[in-house]
Amino acid sequence: MKKIIGFFTARIPRQWLIRFSYIFSFLIRPFYIGNKVECPICESRFRKFLPYGYGESADNRLCPKCLSLERHRLLWLYLKQKTLFFEAKLKVLHFAPEQPFLRRFRALKNLDYTTADLDSPIADLKLDLCDIALPDNSYDVLLCNHVLEHVPDLDKALAEIKRVLRPGGWAILLVPLNMNVNTFGDPSITDPKERQRLFGQYDHVRQFGKDYPDILRKAGFLVTEDRLYYELSAWQRERQHLARAGEEIIYRCDKSLSL
């Protein structure tokens, strides 16, 4: 199964993967019936999660039903337990909307919820993160997860995210992290194999490191490092497979009320 998923994710364009994944999820679920792992998003139980990614760490990651990964499950718990996302009247902009969240967020009556992406077939708006064609101070919340490692101009993207947030608004900007290094990148590198070697994936232009919260603060955000992962029991962390190395901390980025 790992080889099959790896083959498709490495060779099929993202927009087609998104369309195919719904069918794949429906077909694969009966083979994973069990009660060893549990997804807090769709509240389904399975004998194990699907593999996803590369190497030994690819095993037991992807929910067979809602297709959530570790970061999605932890973020779901964070939004439920540490914010008013599910109760308050909020205007939300969600870049590169993840499938585990999309229908569930759209169904929330308290949200004015809009999705955006450059090429995703499930997004409402076609927008460039480095040039967001929306008014200043428009949104209470902005979600943008595992996108910044793809954008050529990081400073411009962060400035645009801050611009469209209302004063007092906040963003969740998750990225793949290597806590053993500082952030490095080079958008001029276009060879997929070289990108894979340097940045961990064929379409990444940088590798974020332990200085990531400092980068967010330099962009003008008030950064809170939330450690919900460590507040949960070891049993829950294992049963729900809530984080990989470097993904245990959620960085909440607030825009100052004075701006």
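Here is a yes/no grid of residues against (1) open to solvent by 10 Å² or more (accessible area, probe 1.4 Å); (2) outside any helix (DSSP H, G or I); (3) modelled with pLDDT of 85 or more:
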site	(1), (2), (3)
Ile28	yes, no, no
Asn35	yes, yes, yes
Cys42	yes, yes, yes
Leu74	no, no, yes
Leu77	yes, no, yes
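Taken over region 225-259, the residue count meeting the criterion of being of a type outside the set (Ser, Thr, Tyr), within 18 Å of Lys82 (Cα to Cα) and not in a loop (DSSP other than H, G, I, E, B) is 10.
Scanning region 100-113 for residues that are assigned to a helix (DSSP H, G or I) and crowded, with 19+ Cβ neighbours inside 10 Å yields Pro100, Phe101, Phe105. Restricting Ala116, Ala88, Ala58 to residues that are surrounded by fewer than 21 Cβ atoms within 10 Å (Cβ to Cβ), of a type in the set (A, V, I, L, M, F, W, C) and under 18 Å from the mean Cα position of the chain (by Cα) narrows the list to Ala58. State yes or no: is Pro167 more than 30 Å from Arg45 (Cα to Cα), open to solvent by 20 Å² or more (accessible area, probe 1.4 Å) and in a loop (DSSP other than H, G, I, E, B)? For Pro167, the condition - more than 30 Å from Arg45 (Cα to Cα), open to solvent by 20 Å² or more (accessible area, probe 1.4 Å) and in a loop (DSSP other than H, G, I, E, B) - is not met.
Contact map, region 153-181: first residue free of Cβ contacts under 8 Å to residues at least 40 places away in the same chain and polar (S, T, N, Q), second residue open to solvent by 20 Å² or more (accessible area, probe 1.4 Å) and not in a strand (DSSP E or B), Cβ cut-off under 9 Å, separation 6 or more or different chains; pairs are Asn180/Lys210. Pairs linking a residue in region 215-242 that is at negative phi to a residue that is aromatic (Phe, Trp, Tyr) and not in a helix (DSSP H, G or I), with Cβ atoms under 7 Å and 6 or more positions apart or on different chains, are Leu216/Tyr251; Val223/Tyr251; Glu225/Tyr251. For region 199-242, a tally of residues being open to solvent by less than 50 Å² (accessible area, probe 1.4 Å) and either over 24 Å from Glu160 (Cβ atoms) or aromatic (Phe, Trp, Tyr) (or both) returns 13.
Close contacts from region 118-138, counting a first residue that is in contact (Cβ under 8 Å) with a residue 60 or more places away in the chain and part of a loop (DSSP other than H, G, I, E, B) and a second that is surrounded by 16 or more Cβ atoms within 10 Å (Cβ to Cβ) and not polar (S, T, N, Q), with Cβ to Cβ under 8 Å and a gap of 6+ residues or different chains, come to Ser120/Ile18; Ser120/Ala96; Ser120/Pro97; Pro121/Ile18; Ile122/Ile18; Ile122/Pro97; Ile122/Leu102. The set of residues from region 43-75 being among the charged types (D, E, K, R), under 18 Å from Glu247 (Cα atoms) and free of Cβ contacts under 8 Å to residues at least 40 places away in the same chain comprises just one member, Glu56.
Taking the stated definitions as given, is Glu149 outside any strand (DSSP E or B), touching a Pro at 6+ places or on another chain (Cβ under 7 Å) and at pLDDT 95 or above? Answer is yes for this residue. Scanning region 182-221 for residues being modelled with pLDDT of 95 or more, of a type in the set (A, V, I, L, M) and either over 21 Å from the mean Cα position of the chain (by Cα) or part of a loop (DSSP other than H, G, I, E, B) (or both) gives a total of 1.
Within region 137-155, identify whether any single residue is of a type in the set (S, T, N, Q), closer than 22 Å to Leu74 by Cβ and open to solvent by 40 Å² or more (accessible area, probe 1.4 Å), and answer yes or no. No, because not a single residue in region 137-155 is of a type in the set (S, T, N, Q), closer than 22 Å to Leu74 by Cβ and open to solvent by 40 Å² or more (accessible area, probe 1.4 Å).
The values are calculated or read from the model by the stated rules, or taken from the named source; none is laboratory data. Computed from a prediction, not measured in an experiment: that's the story for all the values here. Note that each Cβ is placed from the backbone with ideal geometry, even for glycine, and that neighbours are counted across all protein chains shown. Only protein heavy atoms, including side chains, enter the accessible area calculation; ligands, DNA and RNA are left aside. Shrake-Rupley method; radii C 1.70, N 1.55, O 1.52, S 1.80 Å.
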